[in-house]
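In what follows, a single structure is set out as C-alpha cells and then discussed.
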Amino acid sequence: MTNLWVKGYAALASTLFVGSTILPAYAHADLAETVPSLTEALTTSPEELRLTFTESVEIAFSEVSIVDSEKTEIQVGELSLDPEDNKTLVVPIEVALVAGTYTVEWAVVSADGHKIEGSYDMTIAP
Amino acid sequence: MDAWLYFFRFFHYAAALQLFGTAVFQAWMAPPNLRRAMSAFEERVALCSAVVLLVSGVGWLLTVAGSMGSGWADTINPDVVFRVLRATQFGQVWTWHLAIAVMILPATALVSRVRMGWTLLAILSALALGGLGLIGHASALDGFVGVLNRASHILHALSSGFWLGSLLSLIYVLGLLRSSDFGRDADMALHRFSGLGHGAVAIALATGISNSWFVLRHAELNPTTPYQAMLLLKILLVCSMLVLALVNRYVFVPRIPNGPGIRQLRDGTIAEIVVSAAILTLVSVLGVLSPS
C-alpha cells in the first residue's frame with residue numbers, strides 16, 4: 001500500500017512541476033494612484049508625475065516614459081522615490097508639455113522582486 | 001524564464017532544507033557513536049546539498065536579473081546582475097545568502113575533522129535557510145507587520161527544514177536499530193527526533209497559517225486563481241504529511257520492538273519524503289505567483 005502512495009505522490013509531484021511551468025506569472029503590485037490623477041482635467045503642464053503603487057518599488061529597475069500622440073518621447077528627469085513613501089515614484093518633467101494627449105508608460109520591479117508594467121493616458125487641454 | 005525560476009527555486013529550497021535537517025540531526029539528535037557511524041553517509045548528503053545550494057543560488061540570481069532586466073540577455077549582463085545585488089531588496093539579502101552558501105562548502109568538507117563541525121554547519125545552514133524567509137512575498141510588507149511577516153516566514157522555513165530535512169537521516173538510522181553496536185543510540189536518536197518533531201510540526205503548521213494570512217489578507221478569496229488553488233493543494237498535501245507523520249509515530253513506532261515496525265516506518269518515511277517533494281514543487285511556484 002505504501003508503494004502505491006509513493007508512486008501516486010511521485011506522479012503528482014511530476015505533474016505539478018510540468019504543469020506549473022506553463023502557468024502565467026501574475027503581477028503582484030499594481031498602480032494604485034497617480035498625481036495628476038487619471039480623471040483630472042489638466043489645463044497646464046505638470047512639473048512632475050507621482051505614481052503610487054500598492055507595494056514599495058525598486059528604483060534601480062523602475063522606468064517611466066512619456067510619449068505624445070506622434071509617438072515622440074518627452075524628456076523626463078531622473079526618477080526618485082518619495083523619501084516619505086517608498087511606494088511612490090516621482091518623475092520630474094523637464095520640458096513644458098503643450099496641449100495634447102500623452103501616454104505614460106511605466107515598468108517597475110516591486111519589493112517582492114517581480115516586474116510589472118502598464119500605461120495610462122493624460123490629456124492637457126487649456 | 002519563469003520555468004527556470006521555478007526550477008532553481010525548487011532545487012535551492014530542497015538543498016537548504018536537506019542541509020539544515022542533516023546538520024541538525026548529526027549535531028543534536030545523534031549520540032557521538034551513532035554520529036561517527038553515520039558520518040560518511042551524512043557528509044556525502046551535506047556536500048551534495050551544499051553544491052546544489054550554491055549552483056541553484058547563482059542560477060536563481062541570474063534568472064532574477066533577466067526577469068528584472070530585459071530578458072535572457074540580462075541574465076549574463078554583469079551590469080544588471082550587479083545592479084540587482086547592489087540596489088534591490090532581493091539583492092541585498094542574496095549577497096549575504098550566497099556568501100553563506102560559499103562558506104558552507106568548506107564547512108561540509110570539515111564537519112568530521114573539526115570539533116563542533118556539525119554544529120557550525122547547522123548554524124550556517126540555518127542562516128541560509130532562514131534567509132529564504134526574507135525575500136519574495138515575505139518582503140512585500142513594510143513596518144511592524146513586515147517584521148512579523150518575515151519572522152513567520154523564517155520560522156516556517158526552519159521548522160519545515162527540521163521536519164523534512166531530517167527524514168533521510170531517519171531512514172538511515174532505522175537501518176541501524178537492530179545493530180548490536182548502534183541499536184541503543186539509534187533508538188535514542190529516533191526518540192529525540194520524535195520529541196522535537198512534535199514541536200517542529202506545530203510551529204510549521206502555525207507559521208504556515210500565519211504566512212497565508214499575511215499574503216492573502218487583502219486579496220479576494222477565489223480558489224480558482226492559480227495561487228489560491230495551488231495553496232489549497234499545498235494545504236491538502238500538508239494534511240496528508242501530518243497523517244503520515246502521526247501514523248509513523250503512533251502506529252508504526254510501537255510495532256518496532258517485535259513486529260514489522262521498522263519496515264513500515266521506513267516505507268512511511270519514504271512516503272513523507274515524496275509528499276514533501278510535491279509540497280516543495282508547489283512552494284517553488286507559489287512564491288512567483290500573485291496571490292489574487
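Quick check on the protein assembly as shown: helices-only [θ] at 222 nm, where DSSP H runs of length 4 and up contribute -39,500 (n - 2.57) each and the sum goes over total residues. Nearest 500, please.
So the calculated ellipticity at 222 nm is -20000 deg cm²/dmol.
For a test of the definition: using alpha carbon positions, the gyration tensor, and the 1.5 limit on a/c, classify the range B:154-245 as rounded, prolate or oblate.
Working: a/c = 4.16, a/b = 2.75, b/c = 1.51.
Cα axes put the range B:154-245 in the prolate bin.
Among residues other than B:GLU42 whose Cβ falls under 11 Å from its Cβ, what is the net charge (Lys/Arg +1, Asp/Glu -1)?
+2
What does the accessible area of B:HIS156 come to, in Å² to the nearest 10, when a probe of 1.4 Å is used?
Approximately 40 Å² for this residue.
Can you give me the span-like helices of chain B, meaning DSSP H runs with 20 Å or more of Cα extent along the axis and Kyte-Doolittle mean at or above 0.5?
Membrane-span-like by this rule: B:2-24, B:32-68, B:89-110, B:117-131, B:143-165, B:183-216, B:226-247, B:261-286.
What's the buried accessible area, both sides, between B and A using a 1.4 Å probe, rounded to 100 Å²?
Details: alone 13910 and 8460 Å², together 19410 Å².
Buried area between the two chains comes out at roughly 3000 Å².
What aspartates and glutamates does A:LYS71 reach when the alpha-carbon gap must be under 19 Å and sequence neighbours fewer than 8 apart in one chain are set aside?
Qualifying aspartates and glutamates at Cα under 19 Å: A:GLU63, A:GLU94, A:GLU105, A:GLU117, A:ASP121.
If you consider only alpha-carbon coordinates, what radius of gyration and Dmax does the range A:26-124 have, in Å?
13.0, 38
Suppose a student asked you for the relative contact order of the range B:1-82, using Cα pairs under 8 Å spaced at least 6 residues apart; what percent would you report?
38
Based only on the alpha carbon positions, what is the Kirkwood hydrodynamic radius of the range B:218-292, in angstrom? Intermediate values should be presented prior to the final figure.
Working: mean 1/r = 0.0719 Å⁻¹.
Computed over the range B:218-292, the radius equals 13.9 Å.
Which whole number in µm²/s is D for the range B:27-165 by Stokes-Einstein, with the Kirkwood Rh taken over Cα pairs at 20 °C and 1.002 mPa s?
Details: Rh = 16.5 Å.
In µm²/s, the coefficient rounds to 130.
When a/c is below 1.5 the answer is rounded, else prolate if a/b is larger than b/c, else oblate, so apply that to the range B:86-217 with a ≥ b ≥ c taken from the square roots of the Cα gyration tensor eigenvalues.
Oblate, because a/c is 1.5 or more while a/b does not exceed b/c.
Of A:ALA96, A:PRO83, A:VAL67, which is farthest on the positive side of the dipole of the range A:26-124, counting Cα position, with +1 on Lys and Arg Cβ, -1 on Asp and Glu Cβ, and the Cα centre as origin?
My answer, from the dipole projection, is A:VAL67.
Could you work out what % of the accessible surface of the range B:2-286 is carbon and sulfur, using a 1.4 angstrom probe and leaving DNA, RNA and ligands out of the count?
71
Can you sort A:GLU105, A:GLU55, A:GLU63 by solvent-accessible area, 1.4 Å probe, largest first?
A:GLU63, A:GLU105, A:GLU55
Please work out the ratio of the alpha-carbon Rg of the protein assembly as shown to 2.2 N^0.38 Å and round it to two decimals.
1.16
State the percent of C-alpha pairs, over all pairs in the range B:2-286, separated by a distance greater than 34 angstrom. Let's see the in-between values first.
Numbers: 8921 of 40470 pairs.
Considering the range B:2-286, 22 percent of its Cα-Cα pairs are separated by more than 34 Å.
Quick check: Cα centre of the range B:227-292 to Cα centre of the range B:13-92, how many Å?
Between the Cα centre of the range B:227-292 and that of the range B:13-92, the gap is 23 Å.
Rounded to the nearest 10 Å², what accessible area does A:VAL67 have for a 1.4 Å probe in the complete protein model?
In the full protein context, A:VAL67 sits at about 20 Å².
Computed FRET efficiency, Cβ-Cβ of B:PHE144 and B:THR95, R0 25 Å: what is it to the nearest 0.05?
So, using R0 = 25 Å, E works out to roughly 0.50.
Taking only C-alpha pairs under 8 Å that are 6+ residues apart, what is the relative contact order of chain B in percent?
So the answer I get is 23 percent.
The values are calculated or read from the model by the stated rules, or taken from the named source; none is laboratory data. Please read these numbers as outputs of a predicted model, since none were measured by experiment. Neighbour counts are summed over all protein chains in view; Cβ atoms, including those assigned to glycine, are modelled from backbone coordinates with ideal geometry. When the accessible area is computed, the model is the full protein with side chains, heavy atoms only, and any ligands, DNA or RNA have been set aside. Shrake-Rupley method; radii C 1.70, N 1.55, O 1.52, S 1.80 Å.
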